[in-house]
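What follows is a single structure, written as structure tokens, with notes after it.
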């Protein structure tokens, strides 16, 4: 026969005692929800992703800005009317 709680005829509220198990916890009212948020979360993220790995995004950002600037200037030159075409108009 299987030795289980159901086989022994005990209900859930009348289970045996557990010895040697301890649980310690603070109530939610006693905890600080944002303890260390600014000095650990934000600073660590900034340090690990922005400061330590700048070589991943700075060259691409500079290249993208230079390409954008070149494209804007070229677009302005290409779409501008030539003043020599209208020199003799009156």
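Every number in this text was worked out from the coordinates using simple rules, so none of it is lab data. These figures come from a predicted structure and were not determined experimentally. Positions of Cβ are backbone-derived with ideal geometry, glycine not excepted, and every protein chain shown enters the neighbour counts.
Each of 80, 23 has some number of other Cβ atoms within 10 Å of its Cβ, and from fewest to most they run 23, 80.
If I stretch the segment between residue 30 and residue 53 completely, what's the gain in nm (0.36 nm per residue apart, minus their alpha carbon distance), one decimal?
Numbers: separation 23, 0.36 × 23 = 8.28 nm, distance 3.81 nm.
Using 0.36 nm per residue and subtracting the Cα-Cα distance, I get 4.5 nm.
Which angle between 0 and 90 degrees, to the nearest 10, do you get for helix 54-79 versus the longest principal axis of the chain when only C-alpha atoms count? It is inclined by approximately 30 degrees.
Based on the convex hull around the alpha carbon atoms, the chain presents an average projected area of 19.8 nm².
Given the DSSP H assignment, sum -39500 (n - 2.57) over each helix run of at least 4 residues in the chain and divide by its residue total; what's the result at 222 nm in deg cm²/dmol, nearest 500?
On the way: 2 runs with 30 residues, N = 90.
Using -39500 (n - 2.57) per qualifying helix, the result is -11000 deg cm²/dmol.
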